[in-house]
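Before any comments, here is the structure.
The values are calculated or read from the model by the stated rules, or taken from the named source; none is laboratory data. Not measured: the values here are computed from a predicted model. In this analysis, Cβ positions are derived from the backbone assuming ideal geometry, glycine residues included, and neighbour counts consider all displayed protein chains. Keep in mind that these areas ignore ligands, DNA and RNA; they rest on the heavy atoms of the full protein, side chains included. Shrake-Rupley method; radii C 1.70, N 1.55, O 1.52, S 1.80 Å.
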Amino acid sequence: MINIILCGAPGCGKGTQSKLIVDKYKLMHLSTGDLLRNEIKSNSDLGKIVESYISNGNFVPDDMIIDILEKTIDNMPKNSEGIILDGFPRTVNQAETLEIMLKNRNTDTDILIDIIVDEEELINRVISRGLTSGRADDNLEIIKKRLEVYHEKTEPVSNFYKNLNKYVSINGMGTIDEIFNRISTVLDNIKQ
Ligand code: AMP
């Protein structure tokens, strides 16, 4: 079993790269953003609460997201070769909880891959994605808020995995293929 965390600021390409990783390495893609957007689409009471956080650029509370994630992990196909976590953990508390959750299932995180992209490029990418994504949080005002929340709450997650010797950063500037090649090099080393 191989468990990878793909981390980086909004617009760094986590979603795009996750899909390529899933195809090549046969891992299960677990995007907490997608899970939350599905919850919103289902029009459930939980979805309405979730929407109020996301549309303002805030994080959904830890207990809510951890609950959703745990249920999803437990419903994973048993023959899956591992997980690619996209957008989780986003806080140190989530990271600590994840490691306990994986340990209870006799596994752990292999590596956190941090995709580093210049802030100006992040903003441009999110705004151009907003033209087609229909996402309420892909606009200039909310992306600035999301970047602030990211710096405050998610950057410390890097230190958590650095302390475990499970951190690697890659250059997230360039073409999708160039970035995927950098990620593949990291993953091929882990698989050996
Ligand atoms: P993403 O698609 O990963 O950019 O996530 C979109 C939004 O969903 C984020 O801006 C947060 O509001 C929320 N979200 C996704 N993952 C998490 C998480 N692990 N913890 C808290 N909120 C999350």
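Local charge sum around residue 134 (other residues, Cβ-Cβ under 12 Å, Lys/Arg +1, Asp/Glu -1)?
Numbers: positive: 37, 41, 129, 135; negative: 137, 138.
Net of charged neighbours comes to +2.
Under a GNM of the chain (C-alpha, springs under 10 Å), which listed residue has the highest mean-square fluctuation: 84, 115, 179?
The residue with the greatest mean-square fluctuation here is 179.
Out of segment 1-62, which trypsin sites (Lys or Arg not before Pro) are coil in DSSP terms and have no more than 16 other C-beta atoms within 10 Å?
26
Compare the Cα positions of 150, 161, 122 along the charge dipole of segment 118-184 (+1 at Cβ of Lys, Arg; -1 at Cβ of Asp, Glu; about the Cα centre) and return the one farthest towards the positive end.
The listed residue farthest towards the positive side: 161.
Add +1 for every Lys or Arg and -1 for every Asp or Glu among the other residues with Cβ under 15 Å from the Cβ of residue 44, and state the total. All intermediate terms of the calculation are to be shown ahead of the outcome.
Details: positive: 37, 41, 48, 71; negative: 39, 45, 51, 67.
Its environment carries a net charge of 0.
Which of 21, 113, 42 sits farthest toward the positive end of the charge dipole of segment 2-191, with +1 on the Cβ of Lys and Arg and -1 on the Cβ of Asp and Glu?
After comparing all options, I get 21.
What does the C-alpha gyration tensor say about the overall shape of segment 12-102? Classify as rounded when a/c is under 1.5, otherwise prolate if a/b is larger than b/c, or oblate.
Values: a/c = 1.62, a/b = 1.44, b/c = 1.12.
It is prolate, given that a/c is not under 1.5 and a/b is the larger ratio.
Carbon and sulfur: what percent of the chain's accessible surface (1.4 Å probe)? Numbers along the way, then the final one.
On the way: 4900 of 9940 Å².
Of all accessible area on the chain, carbon and sulfur atoms account for 49 percent.
Amide H of residue 169: which non-local residues (sequence gap of 5 or more, or other chain) have their own amide H closer than 5 Å, using H built in the peptide plane?
Those lying under 5 Å, H to H, from residue 169 are 114.
For Cα pairs less than 8 Å apart in space and 6+ apart in sequence, what is the mean separation divided by the residue count of the chain, i.e. the relative contact order in percent? Write out the running numbers ahead of the final one.
On the way: 255 pairs, mean separation 64.6, N = 192.
Answer for the chain is 34 percent.
Give me the accessible area per residue for the chain, probe 1.4 Å, as a whole number in Å². Mind dumping the intermediate values first?
On the way: 9940 Å² over 192 residues.
Per-residue accessible area for the chain comes out at 52 Å².
Assigning unit charges at the beta carbon (Lys, Arg +1; Asp, Glu -1) and nothing else, what dipole magnitude in debye, to the nearest 20, does the chain show about its Cα centre? If you can, show how the numbers build up before the last one.
Details: 23 positive and 30 negative charges, 82 e Å.
The dipole of the chain has a size of about 400 debye.
List the residues whose amide H sits under 5 Å from the amide H of residue 28, counting only those 5 or more places along or on another chain, with H placed 1.01 Å from N in the peptide plane.
Those lying under 5 Å, H to H, from residue 28 are 81, 82, 83, 84.
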